[in-house]
Amino acid sequence: MNLHYFPIINASLNGASAVGDGAYDFQYAAQSVWNLIEQRHIQTVTLDNTPPAATISQPTATPYTHADILTLSYLVSDGTGSGVKSSTAKMDGSTTLPDNTPVTGNGQTIPLLIMSLGSHTFSVDSVDNVNNSGTNSVTFTIIVTPDSLITEVNEFLGLGCIDNAGIANSLASKMAAVKNAIANGQIQAAANILSAFIKEVQAQAGKHISTTCTSGGHQYYPVQTLIGDAQYLLGTLGPKVKADAIVGSVLNSTLVGISGATVSLLNSTKDVVGTAITDVSGFYYFATTGGCAIGKTYTVKVTPPSAYKSSMPTSQTFNWSANAVTLANFGLR
């Protein structure tokens, strides 16, 4: 009876010299109980103890404006390891965006208007073919500037979330005035124009500015977004800056705004200390109120355009307390 036993011996990776991930020759041979050694076998294997890594090109760790469109861009590699089995992109730890659309990954465009202001983290979870797993991430912020708010207004117009180009132009013009006031150091005036912007958006909410709007597969909240972004800008002007604008509207008998009406601000001696012109929605505001004296009485009157003969009320009077004033509507007849 001939019995032979061949245990495996002399097994090694590249002669027992392997040190890092990569492809290696696994060598083995067998030896009988009579010390007969078979020919050595060589099998190429991959050593992989390192998880794959994602190199993220977009977003970067920088501020983006609320009006920006973010295009996700990243590359996942396992280097000399076993290869990438899967990768999952996430925004703030979720595979869905705030409007419940999925985070699909590389090349996806995301309108930042659907996201909130502040800090956000984009991450990529990846797994290789031997189940090593890793996560790479980038944290970025979303901010607001006067220019970006102008772009927001125009984007909402293009999306159909604002249905009146004149109102969009009115809002954009106010933001241009905010930018100019800030550039000239007129911080109080900038705050008052921002306050007027907010009042106008509130007045048009659900009318010419949608409260919710769906376009391109995404859901937007234009009124909430525009007001919130204007309030954000107010906060950047300084903790001691308080809006004290004087605002109101001039409408016809069917409550349609009248543009081009002259509105005058008079002091207690009936001197005109300020004038404003109503916009396409009939809205007006006085941004410069620094000359008003606390405790004094002021009057606002409207000079009707030629197509109208009178206003109701004919005037409105209030005592100035350095706080924002919202007057009742003037109705022209």
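The values are calculated or read from the model by the stated rules, or taken from the named source; none is laboratory data. What you see is a predicted model; the values in this text were computed from it and never measured. Glycine gets a Cβ as well: all are built from the backbone with ideal geometry, and neighbour counts include every protein chain shown. Ligands, DNA and RNA are excluded from the accessible area calculation, which covers all protein heavy atoms including side chains. Shrake-Rupley method; radii C 1.70, N 1.55, O 1.52, S 1.80 Å.
Looking at the range 110-137, which of the residues that are of a type in the set (Val, Ile, Thr) and touching a Leu at 6+ places or on another chain (Cβ under 7 Å) is farthest from residue 221 (Cα to Cα)?
In the first step, residues of the range 110-137 are kept if they are of a type in the set (Val, Ile, Thr); the result is 110, 114, 121, 124, 127, 130, 135.
Within this subset, residues satisfying the condition of being touching a Leu at 6+ places or on another chain (Cβ under 7 Å) are 110, 114.
Numbers: 110: 15, 114: 8 Å.
So, considering only residues that are of a type in the set (Val, Ile, Thr) and touching a Leu at 6+ places or on another chain (Cβ under 7 Å), the one farthest from residue 221 (Cα to Cα) is 110.
Against the conditions (1) open to solvent by less than 40 Å² (accessible area, probe 1.4 Å); (2) out of contact with any helix residue (DSSP H, G or I) (no Cβ under 8 Å at 6 or more places or on another chain); (3) of a type in the set (A, V, I, L, M), residue 287 satisfies every one except (2). Looking only at residues in the range 313-333 that are in a strand (DSSP E or B) and among the aliphatic types (A, V, I, L, M), the one that is most open to solvent (accessible area, probe 1.4 Å) is 325. Do the conditions hold for residue 128, that is, is it of a type in the set (Asp, Glu), more than 21 Å from residue 280 (Cα to Cα) and in contact (Cβ under 8 Å) with a residue 40 or more places away in the chain? In short, yes.
Could you please find all residues in the range 287-312 being under 23 Å from residue 251 (Cα atoms) and in a loop (DSSP other than H, G, I, E, B)? Result: 287, 304, 305, 306, 307, 308, 309, 310.
Residues in the range 260-269 that are surrounded by fewer than 17 Cβ atoms within 10 Å (Cβ to Cβ) and touching a residue at least 40 places away in the same chain (Cβ under 8 Å): 260, 262. Looking across the range 48-104, the residues that are among the β-branched types (Val, Ile, Thr), assigned to a strand (DSSP E or B) and closer than 21 Å to residue 128 by Cα come down to 55, 56, 76, 84, 88.
Test residue 159 against the stated conditions and say whether it is touching a Cys at 6+ places or on another chain (Cβ under 7 Å) and either touching a residue at least 40 places away in the same chain (Cβ under 8 Å) or crowded, with 19+ Cβ neighbours inside 10 Å (or both). In short, yes. Any idea which residue in the range 290-311 is most open to solvent (accessible area, probe 1.4 Å), counting only those that are within 21 Å of residue 259 (Cα to Cα) and at pLDDT 95 or above? Of everything passing the filter in the range 290-311, 301 is most open to solvent (accessible area, probe 1.4 Å). For residue 165, the criteria (1) of a type in the set (A, V, I, L, M, F, W, C); (2) closer than 22 Å to residue 51 by Cα; (3) at pLDDT 95 or above; (4) surrounded by fewer than 18 Cβ atoms within 10 Å (Cβ to Cβ) hold in every case but one, which is (2).
In the list 247, 272, 201, 256, which residue meets the criterion of being touching a strand residue (DSSP E or B) at 6+ places or on another chain (Cβ under 7 Å) and open to solvent by 20 Å² or more (accessible area, probe 1.4 Å)? Break it down stepwise before answering.
Working: 247 fails: open to solvent by 20 Å² or more (accessible area, probe 1.4 Å); 201 fails: open to solvent by 20 Å² or more (accessible area, probe 1.4 Å); 256 fails: touching a strand residue (DSSP E or B) at 6+ places or on another chain (Cβ under 7 Å).
272 is the lone residue from the list that is touching a strand residue (DSSP E or B) at 6+ places or on another chain (Cβ under 7 Å) and open to solvent by 20 Å² or more (accessible area, probe 1.4 Å).
In the range 170-192, of all residues being β-branched (Val, Ile, Thr) and crowded, with 19+ Cβ neighbours inside 10 Å, the one that is nearest to residue 244 (Cα to Cα) corresponds to 178.
Taking the condition under 17 Å from residue 55 (Cβ atoms) and either open to solvent by less than 40 Å² (accessible area, probe 1.4 Å) or in contact with a helix residue (DSSP H, G or I) (Cβ under 7 Å, 6 or more places away or on another chain) (or both), does residue 99 pass?
Values: under 17 Å from residue 55 (Cβ atoms): no; either open to solvent by less than 40 Å² (accessible area, probe 1.4 Å) or in contact with a helix residue (DSSP H, G or I) (Cβ under 7 Å, 6 or more places away or on another chain) (or both): yes.
When the stated conditions are applied, residue 99 does not pass them.
Residues that are part of a helix (DSSP H, G or I), in contact with a strand residue (DSSP E or B) (Cβ under 9 Å, 6 or more places away or on another chain) and open to solvent by 10 Å² or more (accessible area, probe 1.4 Å) within the range 114-153 comprise 114, 147, 151, listed in sequence order.
To keep it simple, each residue is scored yes or no on (1) without any contact (Cβ under 8 Å) to a residue 24 or more places away in the chain; (2) touching an Asp or Glu at 6+ places or on another chain (Cβ under 8 Å); (3) within 19 Å of residue 177 (Cβ to Cβ).
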{"position": "239", "(1), (2), (3)": "yes, no, no"}
{"position": "243", "(1), (2), (3)": "no, no, yes"}
{"position": "248", "(1), (2), (3)": "no, no, yes"}
{"position": "271", "(1), (2), (3)": "yes, no, no"}
{"position": "287", "(1), (2), (3)": "no, no, yes"}
{"position": "292", "(1), (2), (3)": "no, no, no"}
{"position": "313", "(1), (2), (3)": "yes, no, no"}
{"position": "323", "(1), (2), (3)": "no, yes, no"}
{"position": "332", "(1), (2), (3)": "no, no, no"}
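If you go through the range 236-282 and keep only what is outside any loop (DSSP other than H, G, I, E, B) and out of contact with any Phe, Trp or Tyr (no Cβ under 8 Å at 6 or more places or on another chain), you end up with 236, 262, 264, 272, 275.
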